[in-house]
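The values are calculated or read from the model by the stated rules, or taken from the named source; none is laboratory data. Bear in mind that the values here come from a model prediction, so they are computed numbers and not experimental data. Glycine gets a Cβ as well: all are built from the backbone with ideal geometry, and neighbour counts include every protein chain shown. Quick note on the areas: whole protein, heavy atoms, side chains included, nothing else; ligands and nucleic acids left out. Shrake-Rupley method; radii C 1.70, N 1.55, O 1.52, S 1.80 Å.
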Amino acid sequence: MSAREETDVLVVGAGPAGSATAAWLARLGVDVLLTDAAVFPRDKTCGDGLTPRAIGELERLGLGDWLRAHTVNQGLRAHGFGQTLLLPWPGGTLPDWGSAVPRTELDDHLRTTATKAGARAIDGVRAVDVRRAGDRVDTVVFNGADEILEIGCRRLIVADGVRSPLGKLLGREWHRDTVYGVAGRSYVTSTTADDPWISSHLELRGERHEVLSGYGWIFPLGSSSGTAEVNLGVGTLATLKRPADLQVRRLMSSYADSVRADFGLGAELRAPTSALLPMGGAVSGVAGPNWALVGDAAACVNPLNGEGIDYGLEGGRLAAELIADGADLATAWPATLTEHYGEAFSIARRLAALVTVPRVLAALGPAGMRSDWLMTLALRWMGNLVTDDDRDRAARVWRWAGRHSHTRDTRPPFA
């Protein structure tokens, strides 16, 4: 059986990027249809952390009070090399607080926000093909549970995640010569589920007790729902020349064992999952005349910490604005991505790739952890907490480094 729908804008993928795009478009009066391959609520491999930049975007969507009903954190507790530092969120032009919400709940609530704004939504349908009229996408074909669904559209937003199967059909290519991430996540009961600090262990050790190019995290999720849990995970960096040679779930279990007593962790790691993360705009083919890749699909993931929710939310808003203005996405969307993220992704990729060199982190880590000032600066730079409105010295240095790095890239972000 087959069916057909029509819409002005079709959004494929109802994670933060897709739902934010749909919500903003609906608020602008655009006819938008939001689809997803899964049936909501659904899980997503993620640390669940919401940085101040993500908080700012969620507040723009009117979700500030909803977030404050969840856990609120003050900043980062950094552990490693014999030191523990408390690093408050810097604030400035961004909120001075963070949060953590399981993706089963966050993504479902964002999707509901989009539908309340006027977007239509269909879940449980997987995009399997596209039909074109010249160089423009005319129709996307979906497999549903009982039928083939064809959706005709004038504009298409692809927000189907790190693997982006629809993006591949449109010509998206992931270039692994720059740094990428390998991450695992689980949930575990904890006596510190209401801790007002998120924790990162920067001295992550492998099976041979070597320092790995990554970190372990514990993000408190609160106990208001009756279950006192934290999100526990590990992430490491790799490149084509230096691939990650490890078993993610085994590493996650070893990390949990090493911090179990300090955080009052339970014995069982629930719902462990893992994923590969293209980072720093390491993809080409991000747009055509009437379509664009947003969020993880466009590799808008921070190369220094693996965070992508803030880029997805922010990118969704920017894409909606371009569509509402009637822009040619083939040129406008790559230019927008480069303007907002190109320089920062460029320098972040270089720094992250440096960390993959054996023994570099082991040599530099102890010196960095001895300085609150250096680590506060690192938190701001690594956490995507420099905005275009910031005019202080740290922001100017970061932008200067990004400009010089970008001019030296053999393959710039999104190229």
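For the pair segment 328-373 / segment 28-45, the C-alpha centres are spaced 30 Å from each other. Using a probe of 1.4 angstrom and keeping all protein chains present, the accessible surface of segment 37-144 works out to 42 square angstrom per residue.
Report the residue, chosen from Asn143, Asn305, Asn231, that carries the largest GNM mean-square fluctuation when the chain is represented by alpha-carbon nodes joined by springs under 10 Å. Looking only at Asn143, Asn305, Asn231, the biggest GNM fluctuation is shown by Asn143. Summarise the accessible area of segment 30-117 (1.4 Å probe, protein heavy atoms) by the percent that is carbon and sulfur. The computed percentage sits at 48. Note on His404 and Leu240: their simple-model spin labels are 2.7 nm apart, each label 7 Å out from Cα toward Cβ. Remark: the Arg131-Gln74 segment gains 15.7 nm on full extension, using 0.36 nm per residue and subtracting the alpha carbon distance. Highest-first packing order for the peptide set 316-322, 364-370, 389-395 is 316-322, 364-370, 389-395, based on the mean count of other beta carbon atoms within 10 Å. Work out the FRET efficiency for Arg205 and Arg393 from their Cβ-Cβ distance, taking R0 = 25 Å, and round it to the nearest 0.05. Once rounded, the FRET efficiency stands at 0.10. When the solvent-accessible area of segment 363-415 is split by element, carbon and sulfur atoms take up 59 percent of it, the probe being 1.4 Å.
Distance from the Cα centroid of segment 125-179 to that of segment 192-269 is 34 Å (rounded to whole angstrom). The accessible surface of segment 144-227, taken with every protein chain in place and a 1.4 Å probe, is 48 percent carbon and sulfur.
Using C-alpha pairs under 8 Å with a sequence gap of at least 6, the mean separation divided by the residue count of segment 279-415 gives a relative contact order of 34 percent. Sorted largest first, the principal axis extents computed over the alpha-carbon atoms of the chain equal 60, 51, 39 Å. When only Cα pairs below 8 angstrom with a gap of at least 6 residues are kept, the chain shows a relative contact order of 21 percent.
For segment 309-406, what is the accessible area per residue in Å², given a 1.4 Å probe and the full set of protein chains?
Details: 4560 Å² over 98 residues.
So segment 309-406 comes to 47 Å² accessible per residue, rounded to a whole number.
For Ser223 and Arg250, a Förster radius of 25 Å and the Cβ-Cβ distance give a FRET efficiency of 0.30, rounded to the nearest 0.05. Of the options Ser223, Ser254, Thr189, report the single residue whose Cα projects farthest towards the positive end of the charge dipole of segment 182-274 (beta-carbon charges: Lys, Arg +1; Asp, Glu -1). The residue sitting farthest along the positive end of the dipole is Ser254.
Could you tell me the relative contact order of segment 223-327? Use alpha-carbon pairs under 8 Å, at least six residues apart, and round to a whole percent. Show your work: numbers first, answer last.
Numbers: 71 pairs, mean separation 17.2, N = 105.
Normalised by residue count, the contact order of segment 223-327 is 16 percent.
Per residue, segment 188-256 exposes an accessible area of 46 Å² to a 1.4 Å probe, with every protein chain left in place. Only lysines eight or more places from Lys44 in sequence, or on another chain, were considered; those with a Cα closer than 26 Å are Lys116, Lys168.
Taking every DSSP helix (H) stretch of at least 4 residues in the chain, weighting each as -39,500 (n - 2.57) and dividing the sum by the residue count yields a mean residue ellipticity at 222 nm of -10000 deg cm²/dmol. With 0.36 nm allotted per residue and the present C-alpha distance subtracted, the Ala38-Arg411 stretch has 130.9 nm of extension available. Between Asp123 and Leu169, full extension at 0.36 nm per residue minus the direct alpha carbon distance yields a gain of 14.5 nm.
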